[in-house]
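Peer 1: Quick one: the structure is below, and I'll ask about it shortly.
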Amino acid sequence: MKMQAEVIREGELEKRSDSLFQLWKKKLVVLTKDSLSLFPDGHKRAKGKELGFGSILKVDCVERTGKYIYFTIVTKDRKEIDFRCPDQSCWNASITMALIDFQNKRAIQDFKSRQE
């Protein structure tokens, strides 16, 4: 049985679809210390997509407009996933800080394992 990770933040983000028209779709997002989970239609009951921080390279291309902050999550296989959030919500900063924390802990573990 999988343990529930501690939730850092939960709320709504808009993700740009991969379709031809590239429409923005609202997603319920759950940020933990290890991943970012996206749920369609604002329900955690539905099957979500989990982006583990081990597969994320960086948060990139942060751009502010009057109403939104646009940012891109780049995966290690160079896939780009575009998001936007209301200007004051700072989701990009929350995700970036959680990712940095994850990467730092991973680097410390790797260093310690090489020392043993």
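Peer 1: Provide the per residue accessible area, probe 1.4 Å, for segment 38-116, rounded to a whole number of square angstrom.
Peer 2: Ligands and nucleic acids excluded, the figure is 66 Å² per residue.
Peer 1: Output the relative contact order of the chain, whole-number percent, from Cα pairs under 8 angstrom with separation of 6+ residues.
Peer 2: Normalised by residue count, the contact order of the chain is 20 percent.
Peer 1: Taking the Cα centre as origin and putting +1 on Lys and Arg beta-carbons and -1 on Asp and Glu beta-carbons, what dipole magnitude results for the chain, to the nearest 20 debye?
Peer 2: Here the size comes out at about 220 debye.
Peer 1: Report the far tail of the P(r) of the chain, meaning the percent of Cα-Cα pairs longer than 18 Å.
Peer 2: 54 percent
Peer 1: Tally Lys and Arg at +1 and Asp and Glu at -1 over the other residues with C-beta under 11 Å from the C-beta of Glu14: what net charge comes out? Could the numbers behind the result be given before it?
Peer 2: Values: positive: Lys15, Arg16, Lys25, Lys26, Lys27, Arg84; negative: Glu12, Asp82.
Neighbourhood net charge equals +4.
Peer 1: Going through segment 14-77, which chymotrypsin sites (Phe, Trp or Tyr not before Pro) have at most 10 other Cβ atoms within 10 Å and a DSSP loop state?
Peer 2: Answer in residue order: Phe21.
Peer 1: For segment 7-110, with all protein chains present and a 1.4 Å probe, just round the carbon and sulfur fraction of the accessible area to a whole percent.
Peer 2: Answer for segment 7-110: carbon and sulfur cover 51 percent of the accessible area.
The values are calculated or read from the model by the stated rules, or taken from the named source; none is laboratory data. None of the values given here were measured: they were computed from a predicted structure. A quick note on method: Cβ atoms are made from the backbone with ideal geometry, for glycine too, and the neighbour counts reach across all protein chains shown. Surface accessibility is based on the protein's heavy atoms, side chains included, excluding ligands, DNA and RNA. Shrake-Rupley method; radii C 1.70, N 1.55, O 1.52, S 1.80 Å.
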